[in-house]
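Trainee: After the structure tokens below, expect a handful of questions from me.
The values are calculated or read from the model by the stated rules, or taken from the named source; none is laboratory data. Note that the structure is predicted; figures quoted are calculated from it, not measured. Cβ placement follows ideal geometry from the backbone for every residue including glycine, while neighbour counts extend to all protein chains displayed. Ligands, DNA and RNA are stripped out before the accessible areas are found, and what is left, the full protein with its side chains, is counted by its heavy atoms. Shrake-Rupley method; radii C 1.70, N 1.55, O 1.52, S 1.80 Å.
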Amino acid sequence: MKVFREYTTALKAGVSAAAVMLAVTPAAFANHHNDTVQTSVESPVHEANLQIEVDSRMAGAVQDLFIQEDFADLFGANATEGELMLARSAYAQRLFEPVWTYDGVDGLLEAVASVGRYGVVMSDEDRQRISILADRRFTGGDAADRARADILLTAEWFDLMARIGGPLENMGEATASQTNAPARSELVVLLERSGQGDVRSSAEHVAPQAAQFQMLQAELERYEMIEARGGWMAIPDADDALEPGMTDARVPALRERMIAEGYYTAGDLLERTTEFFAQNDAVEAETVSVTTETTLTEDADSELEAEAEAPDFNEWYITYDETLADAVEAFQEQHGLEIDGVLGPNTLEALNESVGSKVDRIRAAMDFWREQGDMGERFVWANVPSFTAEGWANNQREISMRAIFGLPSRATPIFSDEIEYAVANPRWYAPVSIVSRDKIPHMQEDPSYAARNGYTIVDRETGSTVAAETVDWYADNAGSRYQFIQAPGDNNALGELKIIFPNQHSVYLHGTPSVHLFDRAQRAFSSGCVRLENPVDMAMWVAGEDFESMEDLQEALDDSELRRVDFENHVPVHITYVTVTVAEDGHARFWRDVYNRENSIRMEERVAPLWEPQDEPAAEIAQMSSVAAGSL
């Protein structure tokens, strides 16, 4: 029965019955070996259909390997049953002729050499192994050795595609042909094309198509270039924060750090240098004028006064000026920090992360998109480290807003689900965990807390409403026995709307009366749910073209009516934990690891020296001018 299932499945993929039986039943193959070797009449037919050179000796050698019980061992322990079946199918469709041509091997080696652009790190050992196999494919001692190399190259191809695109299971399905030919597995088609030399397009095809992945690719290239140039040095620590307008020996190091990552540009440096020269020239001109007058009036004090007004390079060079502060604010914005231009502990820590660490974090983010797979044509993406919630459609960000997630001690769970409905003007049924941890202490201190905050208290054992003053709030079971229900209103913890995707975590999207918290850079304040800055806008986006649901929601909101509205189409929602994302401007955002789940963040070990005053700073001035002019 199992052989029959494999037989019928492969038939749907366009494999001949004889070839399939040979591929899936090694014992049967041994009995029919002579019947499947290509004849002189068959060879031209296969060459025309498959557009490959036919070598019956090689085909026979490949067939022999399919007979052997260790065929699966050639693919390694990590190979899935699906990959093994697809490999068998690919060779069977070719009547066991080799997959890899000269062009195909060259393409595979080129793909291995450039695999880093997909955020994949391949060891020298892996590269060398593939190179040796490529050589053996054509120079092996006999047909058996060359056939083994061909199959091993196919195994390496599957491994490479999985490294680039993630799990390949979804691509193993048979896909309908645009012609009258039978349906074939997408991966089998890509393998055949790769064997003919088109490995690059196969890699592009399996790589994640998410816009975030593609933008991360560009940023990975940029940061690898920064790393190749030497990266940056760490800024020395100090007891006091550095604020705009202050002078500090660390300012030159800060300026260099901003230049290295592109926050402080060549134009900024040229503008600052030109400003200094202009001030210096103006003073020199005035000094000449005053000196001339002094010669006539013999007023030496005037000359001394004019010379005293000349700008001091050392002081100017270590002044934390407005342009540099703007660069620091841009850095803070792109790293999830408070935007104040102050070089404090958090900003200093972010600045001193090494470029190698950032490269690794970008790769980790790319790994996330590989593992996540297809998120859907329309989906809601709520990402914890960035404290954002977004709506995406057709690979375009259509709506974005600030969000609040769980405290580190009450972390928002990471999972995917589907949004089913929204509730306007909801009641809040406080979970037992929140009642026990948050409400009971308030009630012990002041029983009127419940009434002042709009809570009704229900005894779960009787189902009756109880007066807060009659309850022993110090009882061990108080948190689990008494249910707190908050009526709709301005102070309701859920705001004016909640968006529901039923799940085991009891997590959902909702509004909040504490809107001031959205102004904070770090927004881990909730008990696990996701609070949205604009929940109504998100609900309307989820509704999409479901105009009836949109009208029902708006009507309920306008009338302050408690109402559930079911969405016609269920939209996927993904709550994730990715510490590097890319904004619409194409620049990476490096978020803080709020839950301490990543151990890859590393600090730069090289520390920049502090600026030392120069008696004759002419060389430094000339260097600044040269760097500024040459960088434009």
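Trainee: Quick one: Kirkwood hydrodynamic radius for the range 73-123, alpha-carbon pairs, angstrom, one decimal? Could you put the intermediate results ahead of the total?
Mentor: Details: mean 1/r = 0.0765 Å⁻¹.
For the range 73-123, inverting the mean 1/r across all distinct Cα pairs yields 13.1 Å.
Trainee: Convex hull over the Cα atoms of the range 395-481, averaged projected area in nm²? Walk me through the numbers on the way to the answer.
Mentor: Numbers: hull surface 35.8 nm².
So the mean shadow area of the Cα hull is 9.0 nm².
Trainee: Further question on the same structure: If one puts a single equal scatterer on every Cα of the range 373-412 and applies the Debye formula without solvent, what log₁₀ I(q)/I(0) results at q = 0.15 Å⁻¹?
Mentor: -0.40
Trainee: Additional query: How much accessible area per residue does the range 487-543 have, in Å², with a 1.4 Å probe? Write out the running numbers ahead of the final one.
Mentor: On the way: 2280 Å² over 57 residues.
Ligands and nucleic acids excluded, the figure is 40 Å² per residue.
Trainee: Let me ask something additional. Using the alpha carbon gyration tensor of the range 322-406, what are the three equivalent-ellipsoid semi-axes (square root of 5 times each eigenvalue), largest first, in whole Å? Let's see the in-between values first.
Mentor: Numbers: eigenvalues 164, 60, 26 Å².
Ellipsoid semi-axes (Å, largest first): 29, 17, 11.
Trainee: Treating each Cα of the range 311-363 as an identical point scatterer and ignoring solvent, apply the Debye formula and state log10 I(q)/I(0) at q = 0.15, 0.17, 0.18 Å⁻¹.
Mentor: Taking Cα atoms of the range 311-363 as identical point scatterers yields -0.52, -0.63, -0.68.
Trainee: Rg to Rh ratio, the range 502-595, alpha-carbon atoms and Kirkwood radius? Mind dumping the intermediate values first?
Mentor: Working: Rg = 15.9 Å, Rh = 15.9 Å.
Rounded to two decimals, Rg over Rh is 1.00.
Trainee: Taking the Cα centroid of the range 384-445 and of the range 506-558, what is the distance between the two, rounded to the nearest whole Å?
Mentor: 9 Å
Trainee: Still on this model: Could you pull out the trypsin sites (Lys or Arg not before Pro) across the range 352-417 that fall in loop regions by DSSP (anything but H, G, I, E, B) with no more than 11 other Cβ atoms inside 10 Å? Don't skip to the end; give the middle numbers.
Mentor: Numbers: sites: K358, R361, R363, R370, R378, R397, R402, R410; in loops: none.
Those that pass, being in a loop and sparsely packed, number zero.
Trainee: Restricted to Cα positions, what overall size does the range 191-277 have along the principal axes? Three whole-Å values, descending.
Mentor: 65, 33, 23
Trainee: What are the GluC sites (Glu not before Pro) within the range 502-559 that DSSP puts in a loop, where the Cβ has at most 11 other Cβ atoms within 10 Å?
Mentor: Values: sites: E533, E545, E548, E551, E555; in loops: E533, E545.
For GluC sites (Glu not before Pro) across the range 502-559 that sit outside H, G, I, E and B with at most 11 neighbouring Cβ atoms in 10 Å, the list reads E545.
Trainee: Largest first, what is the accessible-area ranking of L108, L152 with a 1.4 Å probe?
Mentor: Numbers: L108 5, L152 35 Å².
Ranking L108, L152 by accessible area, largest first, yields L152, L108.
Trainee: Then there's this: Can you give the FRET efficiency to the nearest 0.05 for E561 and F138, using r as the Cβ-Cβ distance and R₀ = 56 Å?
Mentor: Details: r = 76 Å, r/R0 = 1.36.
After rounding to 0.05, the efficiency reads 0.15.
Trainee: Show E227, E186 ordered by accessible area, largest first, where the area counts protein heavy atoms only and the probe is 1.4 Å. Spell out each step's value before the answer.
Mentor: Working: E227 85, E186 55 Å².
Accessible-area ranking of E227, E186, largest first: E227, E186.
Trainee: Continuing with this model, one more query. Could you give the C-alpha radius of gyration of the range 493-535 expressed as a fraction of 2.2 N^0.38 Å, taking N as the number of residues it contains? Each step should come with its number before you reach the end.
Mentor: On the way: Rg = 10.4 Å, N = 43, 2.2 N^0.38 = 9.2 Å.
Against the compact-globule rule of thumb, the ratio is 1.14.
Trainee: Based on the mean of other beta carbon atoms within 10 Å per residue, what is the order of 214-226, 154-166, most packed first?
Mentor: 154-166, 214-226
Trainee: What accessible area, in Å² to the nearest ten, does a 1.4 Å probe give for R127?
Mentor: 80 Å²
Trainee: What number do you get for the range 438-527 when its Cα radius of gyration is normalised by 2.2 N^0.38 Å, N = residues?
Mentor: Numbers: Rg = 15.0 Å, N = 90, 2.2 N^0.38 = 12.2 Å.
Taking the Cα Rg and dividing by 2.2 N^0.38 Å, one obtains 1.24.
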